[in-house]
Amino acid sequence: MGEVPYAAAQADMVRWVEERKQGLAANRLFLLTHPAVITYTARTPNDQLPDADSAIALVQTDRGGHATYHGPGQLIGYLVLNVREFGPRGLIRRVEQALIDALDTLGFPAIRRETPPGSQSLVGVWTPDHRKLASIGMRISGSVSSHGFALNIDPDLSVYTAFTACALPGVRMTSLAELSAERGLSTPTHTEVRDAVARAVTTHLAPR
């Protein structure tokens, strides 16, 4: 869908969810990017948010999770589908594995991490040395999911110093551009990443 303002995408998502609930549309994956915005949830502590004079827009949202960044250089995926087959936990695990498989086809090893009891959620996709490549935050209403994931291709990583990402103080965010530079390789194009993710997500979330 190209670049879509965050507010416009959220308004569209209300319609997409209703279409799925009424059976007017099948399961769908929307791939896009946003102008720079930091989103947070009602559960996010104020001390994890950027200062009031931050140049980046700050928007409260109704997904799960905590504060995260959306902006140029990311691939955003919104999943609107019936989750009865997977269950909420099953859906998240499938999304994680789909992104891991997509990254593997692009030559980037990635892992998912188990969250220790009583610890902040480690849902997402990580490098083997525990840098975070992709964040996942979803909402389920009437058995239909919305929101989804953000995968860092080549964003400005300095934005993550302005707030606490995913309620994980000290987390180090990374990108495919940073990982490529460390290996002396070219960063995959946005089209290559988009197509790899679309294939993998379609495979993992296809109707059984």
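The values are calculated or read from the model by the stated rules, or taken from the named source; none is laboratory data. Remember, predicted model here, so these are calculated numbers, not experimental data. Glycine gets a Cβ as well: all are built from the backbone with ideal geometry, and neighbour counts include every protein chain shown. Quick note on the areas: whole protein, heavy atoms, side chains included, nothing else; ligands and nucleic acids left out. Shrake-Rupley method; radii C 1.70, N 1.55, O 1.52, S 1.80 Å.
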Does Gly64 fit the bill of being open to solvent by less than 50 Å² (accessible area, probe 1.4 Å), assigned to a strand (DSSP E or B), touching a residue at least 12 places away in the same chain (Cβ under 8 Å) and among the small types (Gly, Ala, Ser)?
no
Taking the stated definitions as given, is Ile140 touching a residue at least 12 places away in the same chain (Cβ under 8 Å) and either farther than 19 Å from Ile38 by Cβ or outside any strand (DSSP E or B) (or both)?
yes
Using the structure shown, decide if Asp53 is at pLDDT below 95 and outside any loop (DSSP other than H, G, I, E, B).
no
Of the conditions (1) under 22 Å from Asp62 (Cα atoms); (2) modelled with pLDDT under 95; (3) outside any loop (DSSP other than H, G, I, E, B), Thr161 fails just one. Which one is it?
(1)
Does Arg113 meet the test of being surrounded by fewer than 20 Cβ atoms within 10 Å (Cβ to Cβ) and outside any loop (DSSP other than H, G, I, E, B)?
no
Would you check if Thr187 is outside any helix (DSSP H, G or I), β-branched (Val, Ile, Thr), open to solvent by 50 Å² or more (accessible area, probe 1.4 Å) and farther than 25 Å from Leu91 by Cβ?
yes
Has the stretch 120-135 got any residue that is modelled with pLDDT of 95 or more, within 13 Å of the chain's Cα centre (by Cα), closer than 21 Å to Ala42 by Cα and of a type outside the set (A, V, I, L, M, F, W, C)?
yes
Which of the residues that make up the stretch 19-50 are polar (S, T, N, Q), assigned to a helix (DSSP H, G or I) and open to solvent by 60 Å² or more (accessible area, probe 1.4 Å)?
Asn46
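Listed here are the residues, each with its yes/no results for (1) under 18 Å from the mean Cα position of the chain (by Cα); (2) charged (D, E, K, R).
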{"residue": "Ala26", "(1), (2)": "no, no"}
{"residue": "Thr39", "(1), (2)": "yes, no"}
{"residue": "Pro45", "(1), (2)": "no, no"}
{"residue": "Asp51", "(1), (2)": "no, yes"}
{"residue": "Arg63", "(1), (2)": "yes, yes"}
{"residue": "His66", "(1), (2)": "yes, no"}
{"residue": "Gly73", "(1), (2)": "yes, no"}
{"residue": "Leu81", "(1), (2)": "yes, no"}
All but one of (1) at pLDDT below 95; (2) under 20 Å from Ala200 (Cβ atoms) hold for Thr105; state the number of the condition that does not hold.
(1)
Which of the numbered conditions does Leu91 fail, given that it passes all the others? Conditions: (1) modelled with pLDDT of 90 or more; (2) closer than 24 Å to Ala196 by Cα; (3) open to solvent by 20 Å² or more (accessible area, probe 1.4 Å).
(3)
